[in-house]
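Trainee: Before anything else, here's the structure in question.
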Amino acid sequence: MAPRPLIAGNWKMNGLLASEQELQKLIGGVAASDGSQREVLVCPPFTLLQAFAKRAAGSAVGIGAQDCHPNLSGAHTGDISAQMIKDVGGTSIIVGHSERRTDHGESSDLVKQKAKAAQDEGLTAIICVGETEAERDAGQAWSVVSDQVSKSLPSGSTASNTVIAYEPVWAIGTGRTPTIDDIAAMHDDLRTAMVGHLGDDGNSVRLLYGGSMKPGNATEILAVTNVNGGLVGGASLKAEDFLAIISAAS
Ligand code: PGA
């Protein structure tokens, strides 16, 4: 049986306290739709994490974070740990997003440590992978992605504590997406790789597509075999758009 789809919103560095109204609209919309078929997650910036987790408590919307430090606590100015995220009600952590790999020089080895920190706290690690345009043009998309997966996946990963998000770097925030055939091929290869890493459990790991997913293309992308949901940036900021994507997964 295909894993239950997950639609996750990555708010990135967007949102102020007033954005709680948008979350409230989302919670209302999700409650009014049939929630049995998919899971919904919103990952706001750290400043909103606690308020959002309180607001979403008891609803069908989960709240997660966009990054964490590998350690539980200590002298790491400006960082936030998985334990802190759990403490305020977060259930999942995005790790290894390409914007962090690029802006902060994060290696797959560091991403693995962050994913492990999330899993050790009982949280779900959403591990992001994806090739650049130059890598795709050079025919290296799969070798880059499979290398990122092998190096970013901690031992002890399972279908319940791990999600993989395939996000081609060139599709993020650009309005461009790969062809449906390219998405299907990448997700089939990812499925085979996850079974290679985790055995049978690899069949149940959710494989999200991310990169310019929007109401207009979500139905087609989410219908692809081995696409088990989406990681949505820009289109997750407005409840109306995000709800349209969520309903495409239902
Ligand atoms: P986008 O971002 O939907 O704005 O392209 C996706 C992501 O980076 O997670």
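Residues are listed down the side, and each one gets a yes or a no for (1) out of contact with any Ser or Thr (no Cβ under 9 Å at 6 or more places or on another chain); (2) at pLDDT below 95:
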| position | (1), (2) |
| --- | --- |
| 8 | no, no |
| 13 | yes, no |
| 19 | yes, no |
| 25 | yes, no |
| 37 | no, yes |
| 41 | no, no |
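Trainee: Are there any pairs, at least 6 apart or on different chains, whose C-beta atoms fall under 8 Å, with the first in the stretch 220-233 and open to solvent by less than 10 Å² (accessible area, probe 1.4 Å) and the second part of a loop (DSSP other than H, G, I, E, B) and hydroxyl-bearing (Ser, Thr, Tyr), and if so, which?
Mentor: From residues that are open to solvent by less than 10 Å² (accessible area, probe 1.4 Å), the pairs are 221/177.
Trainee: Of the conditions (1) part of a helix (DSSP H, G or I); (2) over 26 Å from residue 171 (Cβ atoms); (3) of a type outside the set (Ser, Thr, Tyr), residue 89 fails just one. Which one is it?
Mentor: (1)
Trainee: On to the next question. Applying the selection to the stretch 27-78, what residues are out of contact with any strand residue (DSSP E or B) (no Cβ under 6 Å at 6 or more places or on another chain), open to solvent by 10 Å² or more (accessible area, probe 1.4 Å) and among the aliphatic types (A, V, I, L, M)?
Mentor: 31, 32, 51, 57, 60, 75
Trainee: Every residue in the stretch 185-225 that is within 16 Å of the ligand (Cβ to nearest atom) and in contact with a Ser or Thr (Cβ under 7 Å, 6 or more places away or on another chain), please.
Mentor: 211, 212, 217
Trainee: Same structure, new question: Between a residue in the stretch 1-23 that is open to solvent by less than 20 Å² (accessible area, probe 1.4 Å) and assigned to a helix (DSSP H, G or I) and any residue that is of a type outside the set (D, E, K, R) and at pLDDT 95 or above, which pairs come within a Cβ distance under 7 Å, given they are 6 or more apart or on different chains?
Mentor: Correct list of pairs: 23/42; 23/52; 23/56.
Trainee: Is it the case, given these coordinates, that residue 195 is open to solvent by 20 Å² or more (accessible area, probe 1.4 Å), more than 19 Å from residue 7 (Cα to Cα) and not small (Gly, Ala, Ser)? Spell out the reasoning first.
Mentor: Numbers: open to solvent by 20 Å² or more (accessible area, probe 1.4 Å): yes; more than 19 Å from residue 7 (Cα to Cα): yes; not small (Gly, Ala, Ser): yes.
So residue 195 passes the test.
Trainee: Residues in the stretch 158-181 that are more than 16 Å from the ligand (Cβ to nearest atom) and either open to solvent by 10 Å² or more (accessible area, probe 1.4 Å) or within 14 Å of residue 101 (Cβ to Cβ) (or both): how many?
Mentor: Going residue by residue through the stretch 158-181, those that are more than 16 Å from the ligand (Cβ to nearest atom) are 158-162, 179-181.
Next, from what is left, pick out any that are either open to solvent by 10 Å² or more (accessible area, probe 1.4 Å) or within 14 Å of residue 101 (Cβ to Cβ) (or both): 158-161, 179-181.
Residues in the stretch 158-181 being more than 16 Å from the ligand (Cβ to nearest atom) and either open to solvent by 10 Å² or more (accessible area, probe 1.4 Å) or within 14 Å of residue 101 (Cβ to Cβ) (or both): 7 in total.
Trainee: Of these, 188, 137, 147, which one is open to solvent by 60 Å² or more (accessible area, probe 1.4 Å) and within 21 Å of residue 224 (Cβ to Cβ)?
Mentor: Working: 137 fails: within 21 Å of residue 224 (Cβ to Cβ); 147 fails: within 21 Å of residue 224 (Cβ to Cβ).
Of the residues listed, the single one that is open to solvent by 60 Å² or more (accessible area, probe 1.4 Å) and within 21 Å of residue 224 (Cβ to Cβ) is 188.
Trainee: Is at least one residue of the stretch 103-125 within 16 Å of the ligand (Cβ to nearest atom), within 21 Å of residue 206 (Cα to Cα) and not in a helix (DSSP H, G or I)?
Mentor: yes
The values are calculated or read from the model by the stated rules, or taken from the named source; none is laboratory data. If you're wondering where the values come from, they're calculated on a predicted model, not measured in any experiment. Every residue, glycine among them, receives a Cβ derived from its backbone with ideal geometry; neighbour counts consider all protein chains shown. SASA here: full protein model, heavy atoms, side chains in, ligands and nucleic acids out. Shrake-Rupley method; radii C 1.70, N 1.55, O 1.52, S 1.80 Å.
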